[in-house]
Amino acid sequence: MRKPVTTNRAFDFSRLVGQFLLGGADAFVPQGWDEERIGGWVLGSHPSLPRIRLFGADGGERGWLLGYPIGKDGLLLSEGDTLTVPEDSDPAGSGVEEFVYGFGGKFVAALVGGRHPRLYLDPCGSMSVVYCPHKEIVASTPNLIPHDNRTRCRLELARALGIPHTNAMYPLVLTPRHNIHRLLPNHYLDLSHWQDVRHWPKKPLKSRGSIEETVTSITAITKRNIAAVVNRTPAYLRLTAGQDSRMLLACARDMTDRLELLTVPMPDDGAFVDVDTAERIAQRFCLRHFVPQMAPPKQEDLDAWMFRIGYSTGELRGWQAATMFRQANPAYAQLDGGIGGLERIGEVLRPGETMHTEITPERLLERCLAPRTAQTLSVFRRWLSTAPADNAVQILDLFEIEQRLGCWGGVWPYAETPDAGFLLFPMCHREIIERMITLPLDYRLACALMRDVIEREWPELLEWPFNKPVGATHASLLARRMWSNVKYRTDLLACKVMQNGNLARGTEIALPFLFWTESL
């Protein structure tokens, strides 16, 4: 296994598409990046990342919205747009937060020009952020924060997690380096004291309305966010055999002439069903559909994928598909259904667990595939002590938002961001998240929300089952498994022969291919 890069001298910052850093007047801005200043703050950003300038009512500079915010008017903001923000006379930031969370999409709000400088993430942290208090630097990934003797790599934790060869996640605020912390969704970063502060929810959440009202609201906001993107740029909709992406397709029914479906093949049964189901849907409704040619990953693509996220999370399937993703048009935006899983609490609750089950740090660590150490347990104890929840379900909901979305779903898109395009979750909106996690428990256990949205918008899409083979695909899967088992053993033998006489070099050459074939 190759070691992560550990010095900034080796970095090619031009490859950090869609990334940024924010620091003091002497902050290092990579060559070729854009640079802007407000007071004593310097923003450095990759040229691909849009910056929307924020001003106060008095015309003074207040900061930036970075990324791809979508307003209530259904417009995707872009480079050169400007906005007026409320005055920050309230230290609690209530007016500013109402302004920030009126937006959907993918963004970071850096408010540095007022009396209470702070930084906010979008509702699910889909544009993840790390920060180093003693260096007073905020950045998209750890690669952009210079090394010193206090920011050494967490080698023992990194070895235990096994990233990139596992699906493990760094627990909550922890990152691959000491004294560099991840900012969690629902928290802002106080830039005066360099501390994270929970701003939502302040108390246990209650239902926002009836099921019908929730379905109506979620559908309307999702449709608005999809339209905002496709009205501005060509876009792929990542379609699998699952519920979430099909719900997006249902919401995009009136916009399919401006979309192309994208399904990435992988050498496993799940991806085989994904491609087959997506092709059936595309053929039935005459939709454009791009399926990359199946190819094992090249080592340079694997390295680049992990470099872009600073080895900050595990995501085996996305990592192994790195070379195939390069076949997609880099100018297209990509729409992903990644947030829909929040509704399906049954995927998180274990058999026998109820609303009254005690959720322990050990229980949460297992979700991350992380080791039990004094450090990892302590971050979960701290988090549990501050989570505003009345029961186990509410704790697990917040954990899914702040851990799975913020420390995983907000990280890997940096690796898959194309050169000119961007990846966005159309369901990333505060109202959608709040309504989803306050639905009645029995409704959520039935996994009914996505079906109800599809039934409402495009019921014909329910003719295909979710994540199950259709028709002759059953027989195809059986034959494929038999062939894959034979091929795997043949390839493994070839790799072992290649390693004879030079084991270290042979292992390095064979490693990407072995990981590609292991899942067959």
Inset, instruction - Determine whether the range 85-107 contains at least one residue that is in a strand (DSSP E or B), farther than 28 Å from Glu343 by Cα and either outside the structural domain of Pro234 (by TED's automatic domain parsing) or in contact with a Gly (Cβ under 7 Å, 6 or more places away or on another chain) (or both). - result: no
Legend entry - For Leu377: the one exception among (1) part of a loop (DSSP other than H, G, I, E, B); (2) of a type in the set (A, V, I, L, M, F, W, C); (3) free of Cβ contacts under 8 Å to residues at least 40 places away in the same chain: (1)
Inset, instruction - Look through Pro418, Pro459 and report the one residue that is at pLDDT 60 or above, under 30 Å from the mean Cα position of the chain (by Cα) and under 24 Å from Glu300 (Cβ atoms). - result: Pro418
Inset, instruction - Name, by its number, the condition in (1) without any contact (Cβ under 8 Å) to a residue 12 or more places away in the chain; (2) in contact with a Cys (Cβ under 8 Å, 6 or more places away or on another chain) that does not hold for Tyr170. - result: (1)
Inset, instruction - Could you please let me know if Thr323 is in contact with a Pro (Cβ under 9 Å, 6 or more places away or on another chain), among the β-branched types (Val, Ile, Thr) and within 29 Å of Asp12 (Cα to Cα)? - result: yes
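Yes/no per residue for (1) touching a His at 6+ places or on another chain (Cβ under 7 Å); (2) closer than 16 Å to Thr240 by Cβ:
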residue	(1), (2)
Val273	no, yes
Ala282	yes, yes
Arg288	no, no
Pro292	no, yes
Glu300	no, no
Arg308	no, no
Ser312	no, no
Trp319	no, no
Ile339	no, yes
Inset, instruction - Give just the number: which of (1) at pLDDT 90 or above; (2) surrounded by 14 or more Cβ atoms within 10 Å (Cβ to Cβ); (3) not aliphatic (A, V, I, L, M) does Pro465 not satisfy? - result: (2)
Inset, instruction - Counting only residues that are surrounded by 19 or more Cβ atoms within 10 Å (Cβ to Cβ), among the aromatic types (Phe, Trp, Tyr) and modelled with pLDDT under 95, give me the strands (runs of 3 or more DSSP E) lying completely in the range 145-200 with at least 1 of them. - result: none
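How many residues does the range 108-138 hold that are assigned to a loop (DSSP other than H, G, I, E, B) and either under 19 Å from Leu49 (Cβ atoms) or not assigned by TED's automatic domain parsing to the domain that holds Val17 (or both)?
Count: 7.
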Legend entry - Residues that are out of contact with any Asp or Glu (no Cβ under 9 Å at 6 or more places or on another chain) and exposed (fewer than 15 other Cβ atoms within 10 Å of the Cβ), drawn from the range 38-73: Gly40, Gly59, Gly60, Lys72, Asp73
Legend entry - Qualifying positions in the range 379-390 - surrounded by 15 or more Cβ atoms within 10 Å (Cβ to Cβ) and over 20 Å from Ala158 (Cβ atoms): Trp383, Leu384, Ala387, Pro388, Ala389
Inset, instruction - Just give me the residues in the range 233-267 being in a strand (DSSP E or B) and basic (Lys, Arg), in sequence order. - result: Arg238
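Can you tell me which residue is farthest from Thr141 (Cα to Cα) among those in the range 386-419 that are assigned to a loop (DSSP other than H, G, I, E, B) and aliphatic (A, V, I, L, M)?
Ranking the candidates gives Ala389 first.
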Inset, instruction - Go through (1) of a type outside the set (D, E, K, R); (2) buried (at least 19 other Cβ atoms within 10 Å of the Cβ); (3) more than 22 Å from the chain's Cα centre (by Cα); (4) more than 30 Å from Ala370 (Cα to Cα) one by one and return the number of the condition Phe272 breaks. - result: (4)
Inset, instruction - Could you tell me which residue of the range 329-378 is nearest to Ala446 (Cα to Cα), considering only residues that are among the β-branched types (Val, Ile, Thr) and buried (at least 20 other Cβ atoms within 10 Å of the Cβ)? - result: Ile345
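The values are calculated or read from the model by the stated rules, or taken from the named source; none is laboratory data. Quick caveat, the model's predicted, so the values are computed rather than measured. When we count neighbours, we look across all protein chains shown, and the Cβ atoms used for this are built from the backbone with ideal geometry, even at glycine.
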